[in-house]
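J.: Mind looking over this structure? Questions follow.
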Amino acid sequence: MKIISIANQKGGCGKTTTAINLASALSLNGKRVLLFDLDPQAHASLGLDIESQDSIYNVISRLTPRKLKLENIIKKVENSFDIVPSNILVGTLEQELSDEIGRELKLMEVIKPIRDQYDYVLIDCPPSLGILTINAIRVSEQLIIPVETSRFSMQGVEHLMDIVHLVKERLNHSVDCRILVTMFDSRLRHSFAMLSTFKERFNKLLFDTIVHINVKLKESAVMGKPVAFYDKYCRGSKDYYTLAKELIFEDKQTGAIDEVKQQVKKQPEIKVEKIKEKKEKIEEPVVAKEPELEKTSWKNRLEEEILDVQEDAQEIKLESKSDAKEQVKEEVVDEVEQEETAAEEQKPVEATFQPLSSRMKELVREEAKDFFRAKFSIEAPGAKSVYVTGSFNDWSLDDNCRLKNKGDGNWETEIDLKPGVYKYQFIVDGVWKEDPKNPQKERNSFGDINSLIEVK
Ligand SMILES: Nc1ncnc2c1ncn2[C@@H]1O[C@H](COP(=O)(O)OP(=O)(O)OP(=O)(O)O)[C@@H](O)[C@H]1O
Ligand SMILES: [Mg+2]
């Protein structure tokens, strides 16, 4: 079994889309796959139309009243494609685990018993570098870092690499880091400039496969399906299928080399050259059978992009296909010119942002007038963590909704809300609780009680 984490603390760079569609493409290639949703936002679960009251929280937490084993919470998505769903309570593990010994090994302990049941386990990480992500990196052999070809992605990758080095130094665990370019927009000159910067900086760490921007990927997530079951022949489906092939191919190579290494250990007369020989033997036939895995030259790839434009142009309803084609041809012709333009782009961007930012401040000030401060408090002596969540923040969980311990068993926080009626509940050490001091309440569809607050 190979465990792969998909992580990047930058939000919205395609982690979940990659986790869902790579998992699905691997299973379509005959592999047994488990997708581990480790993000409290539960986007991977929702993107596969799986809702669950249980999650890894019930397996790891010591505070849960409903303790379960990993195998009890696994759900089937397709043939040979299973998921460990997530829900909002997974977020409370960050806090609960923070002062536990061996906190970074929790995931490893729970995954161990299912090792033989899958060929691949993919972990969809939250967009943060907390204890959950460290647990995921610690248990993984490989880390896939999806990056958009946008201005700020490079910094994020460097930061994540630092964490990987830290895990290596402190926890003595090496991870094979790979970078996947996502949401590549072949209509933009900027995308090509960024791609060549990434190539220069990360070189062999980049996957050959690039995931293009494709609206079907967005639509399929809304429909709760992997893209291959929504539109089998779209660009997004092809890209993730090719990525799965690339991964399987690389793993075959590594596996074969390891096998020979083992033999060398057992029979010292087998010389190291044998490894090379074996590698070459594997490389030749597989590449011949699977031409899409051949390393395309930079030029070939750009030519491919010109062809893709027809599809892309339809999606964004460009005025005419030939316009789009011309646009990309122009971009492809002169790589040097692209780099110069990318540098030039930096200046006008700053100039346009200046007035915008003061306008933004004005807008925020105007908006702020409409907000009123709402106080939430609850008595919870001895509790380790208390959150409030509700319809005002889409029932999400982050630091803004964490209550402060006032030291006398009372926890409180203040949140700015617009006028309206909101439903809410507290989460005390992972357990949902209505507000005992508030008589305004209603029963929700799970049979629990939501407290109600009116802001005026
Ligand atoms: N290649 C793509 N083409 C078009 N849209 C995409 C593509 N990849 C992702 N998206 C869309 O971009 C949005 C963000 O993607 P996704 O949820 O996969 O990012 P994420 O890194 O998991 O985000 P978060 O950090 O919040 O977990 C989603 O709406 C998704 O459908
Ligand atoms: Mg996500």
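What follows draws every value from the coordinates through simple rules; no lab data is involved. Small disclaimer: the values here were computed from a predicted structure and weren't measured. When we count neighbours, we look across all protein chains shown, and the Cβ atoms used for this are built from the backbone with ideal geometry, even at glycine.
J.: Quick one: if you stick a label point 7 Å off each Cα along the C-beta vector at residue 253 and residue 408, how many nm between them?
T.: Each label point is offset 7 Å from its Cα along the Cβ direction, giving 6.7 nm.
J.: With a Förster radius of 35 Å, plug the Cβ-Cβ distance of residue 161 and residue 232 into 1/(1 + (r/R0)^6) and report the FRET value to the nearest 0.05.
T.: On the way: r = 36 Å, r/R0 = 1.02.
Efficiency at R0 = 35 Å is approximately 0.50.
J.: Also: Using the per-residue mean of other Cβ atoms lying within 10 Å as a proxy for protection, in what order, highest first, do the peptides 130-137, 112-119, 58-65, 206-213 fall?
T.: Details: 130-137: 23.2, 112-119: 13.4, 58-65: 17.5, 206-213: 19.8.
By packing density, highest mean first, the sequence is 130-137, 206-213, 58-65, 112-119.
J.: What FRET efficiency would be calculated for the residue pair residue 53, residue 174, taking the C-beta separation as r and a Förster radius of 25 Å, to the nearest 0.05?
T.: On the way: r = 37 Å, r/R0 = 1.48.
So, using R0 = 25 Å, E works out to roughly 0.10.
J.: Also: Note the per residue figure in Å³ for the convex hull of the C-alpha positions in segment 2-246. Don't skip to the answer; put the middle values down first.
T.: On the way: hull volume 27.7 nm³, N = 245.
Hull volume over Cα atoms, normalised by residue count, gives 113 Å³.
J.: Give the dimensionless ratio obtained when the Cα radius of gyration of segment 10-61 is divided by 2.2 N^0.38 Å.
T.: On the way: Rg = 12.0 Å, N = 52, 2.2 N^0.38 = 9.9 Å.
Compared with the compact-globule rule of thumb, segment 10-61 sits at 1.22.
J.: Sticking with this structure for a sec: Given labels modelled 7 Å from the Cα in the Cβ direction, how far is it in nm from residue 117 to residue 437?
T.: 4.5
J.: Using only Cα atoms, what Kirkwood radius does segment 372-455 have, in angstroms? List each step's numbers first, then the result.
T.: Details: mean 1/r = 0.0775 Å⁻¹.
One over the average 1/r among Cα pairs gives 12.9 Å for segment 372-455.
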